[in-house]
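Below is one structure, written out as structure tokens; the observations come after it.
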């Protein structure tokens, strides 16, 4: 328990700082200092211009020349600062380009090593053996097909085709047997209507026959036919 509480959890470490990182940091620090110096010199030059103008208006020529000499010296210093800043920018740009090139080179190197490792896993002898086995298998298949073609005659091929046709017919019959059959029973209303129609037709025929056989003076033909029809309708 004591050892557990005595140990301090270590914070995860970030990427290690390299000499290149230190060089970049130093260059950026110097650039910032040069920028501050540039601002200061520019401010002094503006002040020297104002003072020289004021002295010239007052007629203090010697004093004005001294101020202008300081201004000229400051301009040279400012030009030197600009040159140093340009050199720093070029150096930082070169370092950044070199870092990118190094990253690309490292990626290419890693990819090349991975490719070599994959190529080492697949040996050339294994590939050649696989191709030979594939060629042998194809040759065996071709020879087997040719041999079967020689052993089977045209009559055999005809019998094989007939056997296939018979199998297809059996399958078709089985599919027909599996299909549901339509119902044959009629609906009661339909059966009743058909029976009524048949009874009416029979009654009409019987009435016509009776009217033809009846003597003169009896009911007309229409009445003889209408009565059985009415009875048939009442029965339905």
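The values are calculated or read from the model by the stated rules, or taken from the named source; none is laboratory data. What you see is a predicted model; the values in this text were computed from it and never measured. Every residue, glycine among them, receives a Cβ derived from its backbone with ideal geometry; neighbour counts consider all protein chains shown.
A compact table of results
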item	result
Tally of residues being closer than 21 Å to residue 78 by Cα and in contact (Cβ under 8 Å) with a residue 12 or more places away in the chain across segment 40-63	8
Residue check, residue 99 at pLDDT below 90, assigned to a helix (DSSP H, G or I) and within 17 Å of residue 21 (Cβ to Cβ)	yes
Segment 143-159 residues that are assigned to a loop (DSSP other than H, G, I, E, B), paired with ones that are modelled with pLDDT of 75 or more (beta carbon under 8 Å, 6 or more apart)	152/160
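For (1) surrounded by fewer than 10 Cβ atoms within 10 Å (Cβ to Cβ); (2) modelled with pLDDT of 90 or more, each residue gets a yes or a no:
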{"position": "1", "(1), (2)": "yes, no"}
{"position": "4", "(1), (2)": "yes, no"}
{"position": "37", "(1), (2)": "no, yes"}
{"position": "47", "(1), (2)": "no, yes"}
{"position": "64", "(1), (2)": "no, no"}
{"position": "91", "(1), (2)": "no, yes"}
